[in-house]
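S.K.: First the structure, which I've put down as C-alpha cells, then a few questions once you've had a look.
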Amino acid sequence: MEDVSDDRAAARAAEVLGLLAEEDRLRVVGVLALDGPSTLAAITQRTGLERRRAYKATHRLVDRDLVDLTGETYRLRTEEIRDVARAATPERPVEQHGAADPGAEQILRRFFADGALLSIPAAHAKRLVVLDHIVRVFEPGVRYAEREVDTLLRAFHDDYVTLRRYLIDAGLLSRESGVYWRSGGTVSLD
C-alpha cells in the first residue's frame with residue numbers, strides 16, 4: 001500500500017507540472033527565474049504578454065503558492081519547486097559493487113546503474129577500475145569460447161567488442177586460437 005505522503009507528493013507534482021504546462025504561466029516563471037523579484041509591469045514587458053494575461057497567469061501562480069506577492073513585487077518560490085521535485089522523485093538505493101577501495105566504489109557507482117555499464121570511461125585509471133569489476137564474471141581457470149565472452153560482456157554494455165579488447169589490452173583476459181580465459185584482476189575470496 002502506498003504511503004499517503006507519496007500520494008500527496010505525486011498530486012502536488014502533477015499540479016505544478018500542470019501549472020507550468022500553460023505557456024503564459026511558463027513565461028512568467030521564466031522571467032521571475034531569470035530576473036528575480038519583479039513588478040507586474042516588468043513581467044508584462046519581459047513576457048510580451050498583454051497586461052491582463054500577465055496578471056491572470058501571475059496570480060494563478062500566486063494562488064497555487066509558486067509565486068509570492070509582497071506589496072507590488074512578485075517572487076518565484078524556487079524552494080517550493082525544488083521541494084516538490086525532490087518529494088516526487090523516488091530515492092534510489094545506493095548500489096554497492098563490492099569494491100574494497102572507497103574511491104573504486106565511487107567510480108563504479110558513477111559508471112554502473114542496475115548492473116549495466118552506462119558508458120566506458122575515457123580516463124585510463126577509471127577504465128581499469130571498471131574493467132576489473134567486469135572481469136569478475138569470468139571464473140579463473142575456466143576457458144571460454146568467443147561467443148560466451150561476448151554474451152557475458154553484452155550483459156554490461158552493447159559495445160561488447162570494445163570491452164573485450166580493453167580487457168585483453170589490460171591483461172585481464174587472455175586469448176589464443178579463439179579461446180579466452182581470465183588472466184588478471186581482483187579475485188573475490190567470498
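The values are calculated or read from the model by the stated rules, or taken from the named source; none is laboratory data. Note that the structure is a prediction, hence the values are computed from the model and not measured. Because the Cβ atoms are built from the backbone with ideal geometry, glycine has one as well, and the counts that use them run over all protein chains shown. Quick note on the areas: whole protein, heavy atoms, side chains included, nothing else; ligands and nucleic acids left out. Shrake-Rupley method; radii C 1.70, N 1.55, O 1.52, S 1.80 Å.
S.K.: Considering only helices (runs of 4 or more DSSP H) fully contained in segment 122-190, which possess at least 2 residues that are surrounded by fewer than 18 Cβ atoms within 10 Å (Cβ to Cβ) and acidic (D, E)?
M.R.: It comes to 146-154.
S.K.: Could you please let me know if A100 is surrounded by fewer than 14 Cβ atoms within 10 Å (Cβ to Cβ) and either at pLDDT below 90 or part of a helix (DSSP H, G or I) (or both)?
M.R.: yes
S.K.: Ok, one more. Within segment 29-54, how many residues turn out to be in contact with a helix residue (DSSP H, G or I) (Cβ under 6 Å, 6 or more places away or on another chain) and open to solvent by 70 Å² or more (accessible area, probe 1.4 Å)?
M.R.: So the count comes out to 3.
S.K.: Consider R53 carefully, then state whether it is part of a strand (DSSP E or B), touching a Ser or Thr at 6+ places or on another chain (Cβ under 9 Å) and either modelled with pLDDT of 95 or more or not aromatic (F, W, Y) (or both).
M.R.: no
S.K.: Pick from L131, L118: which is modelled with pLDDT under 95, aliphatic (A, V, I, L, M) and under 30 Å from Y160 (Cα atoms)?
M.R.: L118
S.K.: Moving on to the next point. When segment 56-85 is examined, which residues are found to be surrounded by 13 or more Cβ atoms within 10 Å (Cβ to Cβ), over 31 Å from the mean Cα position of the chain (by Cα), farther than 18 Å from A11 by Cβ and among the charged types (D, E, K, R)?
M.R.: Within segment 56-85, just K56 meets the criteria.
S.K.: Further question: Can you work out which of the residues in segment 27-49 that are in a helix (DSSP H, G or I) and among the polar types (S, T, N, Q) is farthest from V67 (Cα to Cα)?
M.R.: Q45
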